[in-house]
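This report concerns only the one structure given below.
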């Protein structure tokens, strides 16, 4: 396994339809999609854009009983509502949330402008 890697900036974005049963389209760049992640803890780093009214549906972070992951969300701009384990929280620029293995979360852009978030997915222990 390499001990270091350099990821060249990419100019492409992906257009996605509803995520996790949410609503509306969203766009993202995956900064490490070209990195060999076979033994890596970090699985992706996304730069996501949720247009006004779009949402990631509430979902949990359990692949199986022994395979859990967590996601960190960092809000760069915009505002909305982050639902963590069924409880809504205002979410705006500078806020950070984490949904650990076994937890659930969802995000809705309740503003009238795009919301931009960095999302980091990592494997975790039970």
task: Test residue 19 against the criterion of being modelled with pLDDT under 95, crowded, with 18+ Cβ neighbours inside 10 Å and more than 26 Å from residue 3 (Cβ to Cβ), and give yes or no.
output: yes
Checklist (1) surrounded by fewer than 13 Cβ atoms within 10 Å (Cβ to Cβ); (2) modelled with pLDDT of 85 or more; (3) over 21 Å from residue 122 (Cα atoms) applied to residue 85, failing item: (3)
Number of positions in the stretch 22-55 that are more than 18 Å from residue 75 (Cα to Cα), at pLDDT below 90 and part of a strand (DSSP E or B): 2
query: Going by the conditions given, is residue 72 under 30 Å from residue 2 (Cα atoms) and modelled with pLDDT of 95 or more?
result: yes
message: Being assigned to a loop (DSSP other than H, G, I, E, B) and within 15 Å of residue 56 (Cα to Cα) is the filter here; which residues of the stretch 104-126 pass it?
response: 109, 110, 111, 114
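The values are calculated or read from the model by the stated rules, or taken from the named source; none is laboratory data. It should be emphasised that the depicted structure is a prediction, and the values quoted were computed from it without experimental measurement. All Cβ positions, glycine included, derive from the backbone under ideal geometry; neighbour counts span all protein chains shown.
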